[in-house]
Amino acid sequence: MTSFLDRFSASIHGVLSGFDRIRFRGTQRLLASARGLTAFLAFRSVRLTEFKDYVTAVTADIRRQVEAGAEQAGLAVAYVNDPSRSKEELAADLAKRAGRATGLRAILSAVEPCRTFFVRKNPATGHIELQNRPGKCLHYYHYWLDQTLGPCHLRLQTWFPFTLFVCVNGRDLLAGELARQGIAHRRRDNCFTWVRDLPRAQALLDTQVKLDWSAELTRLLSATHPGWSTWPGMDRPPYWSADETEWATDVMFRSRAGLSRLMPGLVEHALVGLGCADVLRFLGRPATGGVHPHFAGEAGTDLVKRPEGVRVAFRVNHNRVKFYDKQGSVLRVETTITDARDLKSYRPKEGDPAGPKAWRRLKKGVSDLPRRTQISQQSNARCLEALAAAATDRTVGELTAPVCAPEVWKGRPVRALNPLAADDQRLLRVVGRGEFLITGLRNRDVREALYGSAPADPVQAKRQSAAVTRKLRLLRAHGIIRKVARTHRYQVTATGRELITALTAACAAQPQSLRNHAPAA
């Protein structure tokens, strides 16, 4: 994202990257599958015909423990029967009225949807069995202001398999650390618009990734439900996974005007200049030459207008990358991962830590949280780098004028470019592809994109390579690409990317839209 930050360094106060909202999920793996729960019931000598009575008794016991714990803590459990009502606001109001500033602040309960088990007949076998299906049951919400985890809440499902959810906010954790260390800052809603010591603030955000989340979440569970280890099947700490993570990169502008001038161009470029291949590339999917032929998922772009501005979201299946203006002066780029298995991690097989490593599906477990944050940061950086090309206040004519004139490069004349001619336009599109943004491009890459696979005739292949060399020399002379020192690779310059993006948008625009933007005669 250096192109974006370098171009607007005079207007930007700084950048912070780290966790926004994290939703952790705690499960007992034995109870989380129909096969495991069936084995557990057999060990407890519970017949499937007795399952409902058994679970009802277990749930009643857990509810008695929770109600007794609430009474001991001096809190009343508030039942929420309106699903549209904000539980966070209600909990904050109850805590304020009770004078609870720290520790356990409020307890709520609500009947909500969940995944649970039912005894049903299998039509194929004619026998009854446990089936995992959507259902509803009572959930308890315990709201905390924890010394380590900050403002958070733990949600307990009171019916098998007793799934736990803990919601934590990384920006809330940072605010508490900044206050404890006396670092001056300004915060609006869930973002920071100014921090006196940005390197220190970023270091504090980085420490959140290294936190022993499993231990901290288990500690919070023990503080919330001291008797959890006595519940059936809960004889060991839960398996904690990151059910959903939001990793945000906040570009803090010095003024609202600085960001408001850029947003229309960024939104237009995202909708017109970026395609599905770019969206796939943001999240690390192979998109060489376009969408990979084996990709069978969904990718697209959404535009949502909000009260405070506009949000553009790029999605690949269930994961998203979005950018929007926040609190007037903050450009937030955020990667939300809800399906970790759609991403890759270089690791050994689970259960064989000493075995060979390979690119495998990313695990949801907190052990793979560092890799998830790495993917998210790379995604945010690629998105910002792609947006940098749209951030210009110059017209297409002003951008193309320098390259439409002949040049002298290294003592030799070089012809002018004709950006609207088919051959030159195709060349610019090839070197501007998203897959070359990070690793750069080679003569072979351009040759394959322009002419297809290499011909069998070595003389013809040599001629094609020489022709591409001349084309690369032409682009270098006009400052569109530069050679990477001590390599055979080339990188598109900031000027080149700006020009290519402007031409791509202009060629895709309809005549009516161009007439609407034409200056008055």
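The values are calculated or read from the model by the stated rules, or taken from the named source; none is laboratory data. Just so you know, these numbers come straight off a predicted model, no measurement behind them. We place every Cβ from the backbone using ideal geometry, glycine too, and count neighbours over all the protein chains shown.
What number goes with the only condition from (1) closer than 29 Å to W240 by Cα; (2) β-branched (V, I, T); (3) in contact with a strand residue (DSSP E or B) (Cβ under 7 Å, 6 or more places away or on another chain) that T148 does not pass?
Among (1) closer than 29 Å to W240 by Cα; (2) β-branched (V, I, T); (3) in contact with a strand residue (DSSP E or B) (Cβ under 7 Å, 6 or more places away or on another chain), T148 violates only (3).
Listed here are the residues, each with its yes/no results for (1) surrounded by 14 or more Cβ atoms within 10 Å (Cβ to Cβ); (2) at pLDDT below 75; (3) under 29 Å from A270 (Cβ atoms); (4) among the polar types (S, T, N, Q).
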{"site": "D445", "(1), (2), (3), (4)": "yes, no, yes, no"}
{"site": "P458", "(1), (2), (3), (4)": "no, no, no, no"}
{"site": "R497", "(1), (2), (3), (4)": "yes, no, yes, no"}
{"site": "T504", "(1), (2), (3), (4)": "yes, yes, yes, yes"}
{"site": "R515", "(1), (2), (3), (4)": "no, yes, yes, no"}
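Determine whether the range 84-95 contains at least one residue that is in contact (Cβ under 8 Å) with a residue 24 or more places away in the chain, under 30 Å from W194 (Cβ atoms) and in contact with a helix residue (DSSP H, G or I) (Cβ under 7 Å, 6 or more places away or on another chain).
no
Out of S214, S222, which single residue is out of contact with any helix residue (DSSP H, G or I) (no Cβ under 6 Å at 6 or more places or on another chain) and closer than 24 Å to L164 by Cβ?
S222
Out of the residues in the range 476-493 that are buried (at least 20 other Cβ atoms within 10 Å of the Cβ) and under 35 Å from the mean Cα position of the chain (by Cα), state the one that is modelled with the lowest pLDDT.
V492
Is at least one residue of the range 78-89 at pLDDT below 95 and of a type in the set (S, T, Y)?
Within the range 78-89, one or more residues are at pLDDT below 95 and of a type in the set (S, T, Y).
L204 - would you say it is part of a helix (DSSP H, G or I), surrounded by 14 or more Cβ atoms within 10 Å (Cβ to Cβ), of a type in the set (A, V, I, L, M) and in contact with an Asp or Glu (Cβ under 6 Å, 6 or more places away or on another chain)?
When the stated conditions are applied, L204 passes them.
Which count do you get for residues in the range 318-355 that are closer than 30 Å to W194 by Cβ, of a type in the set (K, R) and over 15 Å from the mean Cα position of the chain (by Cα)?
Qualifying residue count, the range 318-355: 1.
Kindly indicate the residue of the range 343-372 that is touching a Phe, Trp or Tyr at 6+ places or on another chain (Cβ under 6 Å) and outside any loop (DSSP other than H, G, I, E, B) and also modelled with the highest pLDDT among those meeting that condition.
Per the criteria, the residue is V366.
Inside the range 70-92, can you point out the residues that are more than 19 Å from D189 (Cα to Cα), touching a Leu at 6+ places or on another chain (Cβ under 8 Å) and not in a loop (DSSP other than H, G, I, E, B)?
V77, A78, Y79, listed by residue number.
Report, by residue number, each residue of the range 96-106 that is loosely packed, with under 13 Cβ neighbours inside 10 Å and free of Cβ contacts under 8 Å to residues at least 40 places away in the same chain.
Answer for the range 96-106, where residues must be loosely packed, with under 13 Cβ neighbours inside 10 Å and free of Cβ contacts under 8 Å to residues at least 40 places away in the same chain: K96, R97, G99.
Sort out which residues of the range 325-340 are part of a loop (DSSP other than H, G, I, E, B) and closer than 24 Å to R261 by Cα, and write them in order of number.
If the condition is that a residue be part of a loop (DSSP other than H, G, I, E, B) and closer than 24 Å to R261 by Cα, then Q327, G328, S329 are the ones that fit.
Quick grid of which residues meet (1) outside any strand (DSSP E or B); (2) of a type in the set (S, T, N, Q); (3) over 30 Å from A502 (Cβ atoms):
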residue	(1), (2), (3)
P237	yes, no, yes
D250	no, no, no
L280	yes, no, no
R285	yes, no, no
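Does the range 187-201 hold any residues that are more than 24 Å from the chain's Cα centre (by Cα) and loosely packed, with under 13 Cβ neighbours inside 10 Å, and which are they?
Correct list: R196 only.
Residues checked against (1) part of a strand (DSSP E or B); (2) of a type in the set (V, I, T):
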residue	(1), (2)
L104	yes, no
L108	yes, no
C114	yes, no
P123	no, no
L138	yes, no
T148	no, yes
R155	yes, no
P161	no, no
R171	no, no
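List pairs: first residue in the range 313-327 and at pLDDT 95 or above, second residue among the polar types (S, T, N, Q) anywhere in the structure, Cβ distance under 6 angstrom, at least six positions apart or on different chains.
Matching pairs, first to second residue: none at all.
Any chance the range 403-412 includes a residue that's surrounded by fewer than 17 Cβ atoms within 10 Å (Cβ to Cβ), aromatic (F, W, Y) and part of a strand (DSSP E or B)?
Yes: the range 403-412 contains one or more residues that are surrounded by fewer than 17 Cβ atoms within 10 Å (Cβ to Cβ), aromatic (F, W, Y) and part of a strand (DSSP E or B).
For the range 9-60, give me each residue that is part of a helix (DSSP H, G or I), farther than 30 Å from L369 by Cβ, without any contact (Cβ under 8 Å) to a residue 12 or more places away in the chain and of a type outside the set (A, V, I, L, M, F, W, C).
Result: E50, D53, T56.
Could you say which residue among S9, S3 is surrounded by fewer than 16 Cβ atoms within 10 Å (Cβ to Cβ) and of a type outside the set (A, V, I, L, M, F, W, C)?
Testing whether each residue is surrounded by fewer than 16 Cβ atoms within 10 Å (Cβ to Cβ) and of a type outside the set (A, V, I, L, M, F, W, C) leaves just S9.
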